[in-house]
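The values are calculated or read from the model by the stated rules, or taken from the named source; none is laboratory data. Here the structure is a predicted model, which is why all the values come from computation and not from measurement. Glycine gets a Cβ as well: all are built from the backbone with ideal geometry, and neighbour counts include every protein chain shown. Accessible surface is based on the protein model in full, side chains and every heavy atom, while ligands, DNA and RNA are left aside. Shrake-Rupley method; radii C 1.70, N 1.55, O 1.52, S 1.80 Å.
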Amino acid sequence: MKRGRRKSNKDWALSHKNRIPTVAPASSVAPPPPPWIELPEDLTANILQRLGAKEILESAEKVCSTWRRVCKNPSTWHVIDLDYRRCEDGEEFDAICHCAVDRSQGQLVELKLTSMEEDYGFLNYVADRSSQLRCLTLVGFYRKNDMETDLTDAIRKLPQLEELHLIRMPEVETEQLETIGVSCPMLKSFTYHEHWGEHSDLEDNAGGESFAVECGVAIGKTMPNLRHLRLWTQWMKNEGLEAILNGCPRLESLDLRSCYGLDLEGALGKRCSDRIKHLRLPSDSTSDIDLLIDDPEEYDGYCGLLNSGKFNVSDAFVVDFFGHDGCGEYDGYFYF
């Protein structure tokens, strides 16, 4: 029998040509834009405001042309949150601060500055360019000498201010409290938490007792429109608290946690509980207070000792409750 010729690989390929699946050529149509591009720009701005200023300037505005346009829009900078700890050094922090305020073009409404260690002149830079500012929060400032002048100078330029929160700050004198009240007649919410406890060691002398009264008198005399007042870890006297109640008839919430020197067992305590809708007493827990501390329970424990009368506040300047000897750098704990 005659045998046929064996097919070569070439013949097999030709005979199976129509059976081999072919790959479609790549489409020349551009992929659809990411979904966030289609969001209204005012909504995009609202979302981006939840980032810090550093993240917006260094990351968000580089995502796409739309985000870059939104990041340069003044509406994105109605609210600014600046944290020194997110920056490499003071020079970077200073550049970001000025750029953020410049981009707001006078439309800044709310500003929070955290752990700003120097160059308080920035507060005046803000005040000169932000007449619409309604809320100012300063957290963890350290240099008392600079703040005495720069803070009050800046406050005088912010008559529209409705909220002022001074948390973990150097001591504020009664004259500064009066300046704040007189310069900001629309002030509705005020927080003061002293960082160093410098008035605390005056408890046993006339100067300390005078401040414990005058602080309340200054608030009551110059801040009649207050709705919310928080005074944390302050040496106070009943006379000062009475001045606040007399001078602030619209007061709805009063937070006196860890304020010592008050006697609220009698008529004054009843007056507070009857009149104030939201009242926090000196002995109430401080575990929910966010003061840039690593362990709120340790801070709560410190305040418990403070209120018990078993801990000498002046000793905190030598070796504080957390074992800090006053020579190391700030490491995230709350030092008095």
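For this structure, a couple of remarks:
Here is a yes/no grid of residues against (1) in contact with a strand residue (DSSP E or B) (Cβ under 8 Å, 6 or more places away or on another chain); (2) assigned to a loop (DSSP other than H, G, I, E, B); (3) of a type in the set (Lys, Arg); (4) over 20 Å from CYS184 (Cβ atoms):
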{"position": "ALA218", "(1), (2), (3), (4)": "no, no, no, no"}
{"position": "ARG230", "(1), (2), (3), (4)": "yes, no, yes, no"}
{"position": "ILE244", "(1), (2), (3), (4)": "yes, no, no, no"}
{"position": "ARG250", "(1), (2), (3), (4)": "no, yes, yes, no"}
{"position": "ARG257", "(1), (2), (3), (4)": "yes, yes, yes, yes"}
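- Scanning the stretch 70-92 for residues that are within 18 Å of GLY106 (Cα to Cα) and over 19 Å from the mean Cα position of the chain (by Cα) yields VAL70, CYS71, LYS72, ASN73, PRO74, SER75.
- Unmet requirement for ASP81, which otherwise passes all of (1) modelled with pLDDT of 85 or more; (2) out of contact with any Gly (no Cβ under 6 Å at 6 or more places or on another chain): (2)
- Qualifying residue in the stretch 194-213 (condition: in a helix (DSSP H, G or I), modelled with pLDDT of 75 or more and within 20 Å of ASP255 (Cβ to Cβ)): yes
- Pairs, first acidic (Asp, Glu) in the stretch 50-70, second surrounded by fewer than 19 Cβ atoms within 10 Å (Cβ to Cβ), C-beta under 6 Å, six or more apart: GLU61/ARG68
- Considered as a group, the residues in the stretch 109-126 that are of a type outside the set (Ser, Thr, Tyr) and in a helix (DSSP H, G or I) include one that is modelled with the lowest pLDDT, and that residue is GLY121.
- Residue in the stretch 46-54 that is part of a helix (DSSP H, G or I), open to solvent by 40 Å² or more (accessible area, probe 1.4 Å) and charged (D, E, K, R) present: no
- Residues (open to solvent by 50 Å² or more (accessible area, probe 1.4 Å) and either under 18 Å from GLU41 (Cβ atoms) or outside any helix (DSSP H, G or I) (or both)) located in the stretch 82-108: GLU88, ASP89, GLN105, GLN107
- Total residues in the stretch 56-71, condition under 21 Å from TYR84 (Cβ atoms) and open to solvent by 60 Å² or more (accessible area, probe 1.4 Å): 2
- Top-ranked residue in the stretch 232-242 [being assigned to a helix (DSSP H, G or I) and of a type outside the set (Gly, Ala, Ser); ranked as most open to solvent (accessible area, probe 1.4 Å)]: GLU239
- Residue ID - surrounded by the most Cβ atoms within 10 Å (Cβ to Cβ), chosen from residues in the stretch 259-279 that are of a type outside the set (Gly, Ala, Ser), without any contact (Cβ under 8 Å) to a residue 12 or more places away in the chain and assigned to a helix (DSSP H, G or I): LYS270
- Matching entry among ASP290, ASP300, ASP294 (being acidic (Asp, Glu), open to solvent by less than 50 Å² (accessible area, probe 1.4 Å) and at pLDDT below 95): ASP300
- Residues in the stretch 245-258 that are open to solvent by less than 50 Å² (accessible area, probe 1.4 Å) and more than 20 Å from GLU214 (Cα to Cα): SER253 only.
- Among the criteria (1) crowded, with 17+ Cβ neighbours inside 10 Å; (2) part of a loop (DSSP other than H, G, I, E, B), the one SER131 does not fulfil is (1).
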